Structure formats: structure tokens, C-alpha cells
């Protein structure tokens, strides 16, 4: 290991048919050697928006929201993301996401950057995304809490004694200190996961020497990380030589799918600010990418958090990646319902089927749903609703007394039912294209982009 690298780290702490749908759709090696060609990372813009598009029809409408932000003087880079699980449910391929993004960019004459994210990939799933993606969300959730060998854990701790020294981190109050026990406990919980992230990163790097953006997801765990745990995790990531540009920590409070944040907003803002302080410190201490920023998963519809996040970003002059994913699918359903007739009948059928298969649909998302089955209207009741009533129940307007967050969460995970409709669902999207596009753009721009990135 070069002496310069060892010295830097030692002092770092100081400063129809399924086929038809498919068509559419030393103690430790502080600087580990690459196995393959080192990747040259692309540079992700300061603000970026992860836009999920389950059925591959809303890319133009989503991009239009970023275009409106640009018209207001703020550059927001769109990142189209879709996971392997979503592809399996829909019957689509990663190449379809790239094709839809490229068409949208060409259609609107978008001249700024854009990316396609292989969302929540691991070693077993990454290869099908290699050619079409230039952004990879590395998911090592299954390794969090699985301890590495004890000699590796103690070696890591010994190699990062700088973390144990009392120090000042700009943005944290007073002198802060990490205990030896915290150091070891964090290494036991996260070191193996970070090592696996390094393995996945090097696998991608060997196949994409022209560059890509790397994110590491640490959010799919039971307990939120502290600022100290995040700092230790970032030190481990630096050892693996992963030039991450975004990291998704586990935040305090509940980030349920499709609905607002549940928890203490002042405490969230305080902890979020601590994360920003630690990231800025780690970038300087461990030579991580200068544009490293927080990624907020399940970030759509967290309306009560946007002002606190905006304030914190301004204090630290920090960037943000916000993943919105399923909110677009819900706007599709809203657009179909607003269109009435056969389209309204279709979404009522989807709801009824989702109600019948609630346990099956909710199981994969159990940690990000708070759904009370007793608060779900029956299929018979919903069958009698007109378009206005259905939309009022589903659209995320908490001030509306007819809004039903339990129905919304169920519909959020109910896209599998729509996928089973095949061409019938896709044809309905085509028939209601203009209404749906208006809803998708308005939702992203007015409810997400404006309060988070534009409102002073």
C-alpha cells in the first residue's frame, strides 16, 4: 500500500399477452485492487430525480417535470429506475427502460444529462442491466447484519483508529467521539455488506470501463443509522475503492409507499443534517467523490419533509437524489379513473383484485407499508363510486376528507394486477394518454419538484 495513502487515512478523522407487454416494455488492504478495468465514473448532477415508470409509457410526461424545473432555473437530472423485481412482474426488459428514456429525451429536445438506473441489483441480477444502464443502485440488504470474520472486523477497526479520536465535524455540535464498542458493532453489522458492494462494483466496472454512476443502498434494514454508523460505513466504502456518488441510508421515521412521512419532523431534520455533515466530512477525509450525496428512497409523497430537506440542503450546499418510483403508476390509475367509462371500470376491477390478493401483494413491501385492512372499502362499495369519488380516495391530498391512505397504499403495490391485464391495460393507457400525462407531470412538478427544489 502506498505510504501516502496509509498516512492520509491515519489522519483522516481530523478534519394481452405477456410477450406483448415485454416488448414494451497490511491489517486491511485500505485501497483494494481492482479485478478488471477501473471504471471512470460519470458525474451525476447536484439534484436528480429517480422516476419509476412501471409500464414504460410516461417517460415524456416525467421528463416534462424536469423541463419545467429548468425553465425556473434549476437543473434536475432525470434518472429512470426499474428493479429486477418490477421487470419480472411486468414482463419487461431493462432495454425497454433505456429505449423509453431515449425517446423522451429526443421528443422534448432535452439537452441536459439523464440516466437509467439498474435499481436494487445484486450479483445474481446485475448482468441483464449492464448494457442498458449507466447508474447502478447496489443493494446489499441481505448482508446487513451478517458479520464478517472477527479478524477482519478487528483489523478494520485497527486500521481506522482515527475514528476513535475526539474530533470536530463541521455541522455537528461540539467535540464528537465514537466509542470502541460502537466501532466494532458497526463493523460487525455493515462490513460484510460493504465488502459485497465492492465485489458488485468491481464486477460492473470490469464490464463498463467507459463509466457509470454507483449508489449503495443501506436503507433496507430494521433500524435507522446514526451519524457515527454512517461515517464508519463511508470509511469502509472508501477502503473498497467504490466511488459512490449517492448513498441511501435508513432514515429515522416511517417512509411508507405512496403516502406522507410518519414520525417527528424536527428529529428527522436534525438527523438528516447530521448525515449531510458526515458526508461532507467523509468526502474530505477519505477522498470520496466531491458530489457524493444522499439518496432518499421511497421519497415520493413525503410532503411534510420537503421543506426541512430543502433547508438542510441549503445550509450545507448539498445535493440530493430523490427516488419517486411508484407515484407515477398511481397517477396513471388516477388518469384512467378521471377518464370514466371503461377506464374507470378497469381501475375498479384492479382494486377489487388487489383487495382479494392483499396479503400476497403487500408481503414484499411489508417494511414500507402501514395498511389497516379494516379501513379499506369493499369492492362492492367502490363499484358504486363515480370518477370524482374514486379519484378523491386515491389522490394524495391529505386535506381532502375523502382521501384514503390505506386504499392508496394497496393500489401502490397493486400494479401486478394491472400487469396481468396485459394489452387491455396498455390500450387503456393509450386511450387516456393526455389525461394521464397531465396528471404525471403535475404531480411530479407541483407536489415534488417545486416544494423541494424551487420554493425559497
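Here are the numbers for this structure:
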| item | result |
| --- | --- |
| CD proxy at 222 nm, helix term only [per DSSP H run n ≥ 4: -39500 (n - 2.57); per residue of the chain; nearest 500] | -14500 deg cm²/dmol |
| Cβ crowding within 10 Å averaged over residues, with 311-322, 260-271, 406-417 ranked highest first | 406-417, 311-322, 260-271 |
| Contour minus Cα-Cα distance for residue 389 and residue 360 (0.36 nm per residue) | 7.8 nm |
| Beta bridges per DSSP with both ends in segment 135-257, % antiparallel, nearest 5 | 20 percent |
| Efficiency of FRET from Cβ geometry, residue 345 and residue 108, R₀ 35 Å, rounded to 0.05 | 0.60 |
| C-alpha center-to-center spacing [segment 227-280, segment 333-398] in angstrom | 32 Å |
| Span from the segment 110-183 Cα centroid across to the segment 299-320 one, whole angstrom | 22 Å |
| Relative contact order [Cα under 8 Å, 6+ residues apart], segment 285-423, whole percent | 24 percent |
| Segment 36-174 shape via C-alpha gyration tensor axes, a/c threshold 1.5 | oblate |
| Full-stretch length increase - residue 199, residue 182 - with 0.36 nm per residue and alpha-carbon distance subtracted | 3.6 nm |
| Gyration tensor over alpha-carbon atoms, segment 140-217, equivalent ellipsoid semi-axes in Å | 28, 18, 11 |
| Largest to smallest principal axis extent of the C-alpha atoms in segment 292-383, angstrom | 52, 30, 20 |
| Normalised contact order of segment 220-302, rounded percent, pairs of Cα under 8 Å and 6 or more residues apart | 41 percent |
| Percent of beta bridges antiparallel (DSSP, the chain, rounded to nearest 5) | 10 percent |
| Global form of segment 202-344, assessed from the alpha-carbon gyration tensor, a/c cut-off 1.5 | oblate |
| Hydrodynamic radius (Kirkwood) for the chain, which is based on Cα pairs only, to one decimal in Å | 22.9 Å |
| Segment 127-286: C-alpha gyration tensor shape, a/c 1.5 cut-off, then a/b vs b/c | oblate |
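Coordinate-derived values only; no laboratory data. A quick note: this is a predicted structure, and the numbers were derived from the prediction, not measured. Please note: Cβ atoms are built from the backbone with ideal geometry, for glycine as well, and neighbour counts cover all protein chains shown.
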